[in-house]
1. Suppose we filter the stretch 7-31 for residues that are among the basic types (Lys, Arg) and closer than 19 Å to Pro170 by Cα; how many remain?
2. Please find, among Tyr45, Tyr59, the residue that is in contact with a strand residue (DSSP E or B) (Cβ under 7 Å, 6 or more places away or on another chain) and part of a helix (DSSP H, G or I).
3. If we keep just the residues of the stretch 87-146 that are surrounded by 10 or more Cβ atoms within 10 Å (Cβ to Cβ) and small (Gly, Ala, Ser), which is nearest to Glu44 (Cα to Cα)?
4. Tell me the helices (runs of 4 or more DSSP H) entirely within the stretch 87-190 that contain at least 1 residues that are more than 15 Å from the chain's Cα centre (by Cα) and at pLDDT 85 or above.
5. Report the residue count in the stretch 122-137 for those that are without any contact (Cβ under 8 Å) to a residue 40 or more places away in the chain and closer than 28 Å to Glu163 by Cβ.
6. Please state which of the following conditions Lys25 fails to meet, knowing it meets all the rest: (1) free of Cβ contacts under 8 Å to residues at least 12 places away in the same chain; (2) over 22 Å from Pro101 (Cα atoms).
Amino acid sequence: MKLPVKVRTEKGMPATDDEAMTLLKEWCEANRPELAELFDSVLEYRRWAKLKTMYLDGYTNAINPVTGRIHPDLMPLKAATGRFACSNPNLQNQVVAGEDPIGVRNFMTAPEGWSLLECDYSQAEIRLIAYLSQDRVLLDAYRQGEDVHAITTSAVFKIPLSEAKDKSRPDYKHRRTVAKGNHVRHHVRHRRQGPLPEPAHQRRCGGLPGGVRQLYRRDPG
């Protein structure tokens, strides 16, 4: 089809994940409009296939024949982040709200007389990075209740913060996904040189994109 390679795997092979499909669709819209619809179909097929395999088939196979309910394994010490991990099946991996056409979230019901309590960390890892690095941008964002991912998106794509926050934009989700990934794929390394809570850290941001260097680097060097 003579299409460009937009994303590569760790082994250098052309990637075919959703991010690659989205980027190829955007390229085709500008250069090969007759092919753009193909990538819409691929992404739509993957979405429904994932819903069927992971949720419909996966949950059905996990139902206990005696109780008629699902009893997953909860492991408080398995995840390196300190969070609970869940398996057989992983009920923590839920469909994103607003992207649940078959109502998977409604599968979770409490027995009569009981209630379900939903608890979640609020960007725990990024909050730790902000505290340990004493990064002014991140700390100010949390103090003022700003959207940290929108700030990162603004820096990575060099766009106004208002545009990064605009949920009506067609590229809103894709940009945020890329920006969130930069928190994980590109590590901001620092060395502790003093006791908390007044640490002095030395950053090494050489491998980060320009926008992310600007966001995270406070001091030269």
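The values are calculated or read from the model by the stated rules, or taken from the named source; none is laboratory data. Not measured: the values here are computed from a predicted model. Note that we place each Cβ from the backbone using ideal geometry, even for glycine, and neighbour counts take in every protein chain shown.
1. Start the filter on the stretch 7-31 by keeping residues that are among the basic types (Lys, Arg), which leaves 8, 11, 25.
This time we only want the ones that are closer than 19 Å to Pro170 by Cα, so: 25.
Residues that pass the stated criteria total 1.
2. Numbers: Tyr45 fails: in contact with a strand residue (DSSP E or B) (Cβ under 7 Å, 6 or more places away or on another chain).
Result of the check over Tyr45, Tyr59: Tyr59.
3. Out of the qualifying residues, it is Ser87.
4. Details: elements: 124-133, 136-143, 148-157, 161-165, 172-185.
Result: 124-133, 136-143, 148-157, 161-165.
5. Looking only at that region, the number is 4.
6. So the condition that Lys25 fails would be (1).
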